[in-house]
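Reading through the structure tokens given below for one structure.
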């Protein structure tokens, strides 16, 4: 079977779970001074670090199988430790955004609907079991609302609620 203009038809290949989310990790990109992107290699979300004068904020924690890569870059390239993160903000509740939350012993913030699903381990949405990731002990300390302001000292975050593919 061919497509118009002799473009061959797409042939899907079977992808094993480990191939898709594996532990291949992250590369580090400096976006602006004190703003870093941990770019996921392969599937999974990117993780962002904003270093403020008073707070260091991590936006999403990424998938647990890539935590060692994240931690290596955090300590060797940036010079921080996990304990130096003061606040985690989860953008939404999919497991590839929240499963490394367990490594952080700081405050965790998320929008109200995400917080409920994270704290009650809503498997339909979080999809942890599907990928053999236990999300049952994750907590959210702060429920964010539209137009909340977070002051990092020299940087301000304005929360903009944008319900998306999990709400």
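A few points about this structure:
- Residue count for the stretch 78-111 satisfying the condition of being in contact with a strand residue (DSSP E or B) (Cβ under 7 Å, 6 or more places away or on another chain), modelled with pLDDT under 95 and part of a helix (DSSP H, G or I): 3.
- Evaluation of residue 157 against the conditions (1) surrounded by 15 or more Cβ atoms within 10 Å (Cβ to Cβ); (2) outside any loop (DSSP other than H, G, I, E, B); (3) modelled with pLDDT under 90 shows that the sole unmet condition is (3).
- Unmet requirement for residue 57, which otherwise passes all of (1) in contact with a strand residue (DSSP E or B) (Cβ under 7 Å, 6 or more places away or on another chain); (2) at positive phi: (2)
- Condition check for residue 162: closer than 18 Å to residue 40 by Cβ and either surrounded by fewer than 21 Cβ atoms within 10 Å (Cβ to Cβ) or at pLDDT below 95 (or both): no
- Extreme residue, nearest to residue 25 (Cα to Cα), among residues of the stretch 38-77 that are part of a loop (DSSP other than H, G, I, E, B) and free of Cβ contacts under 8 Å to residues at least 40 places away in the same chain: 41
- Screening the candidates 118, 31 for the property of being in contact with a strand residue (DSSP E or B) (Cβ under 7 Å, 6 or more places away or on another chain), modelled with pLDDT under 85 and not in a loop (DSSP other than H, G, I, E, B) yields one hit, 118.
The values are calculated or read from the model by the stated rules, or taken from the named source; none is laboratory data. Just so it is clear, the model here is predicted, and its values are computed rather than measured. Here the Cβ is made from the backbone with ideal geometry for all residues, glycine too, and neighbour counts use every protein chain on show.
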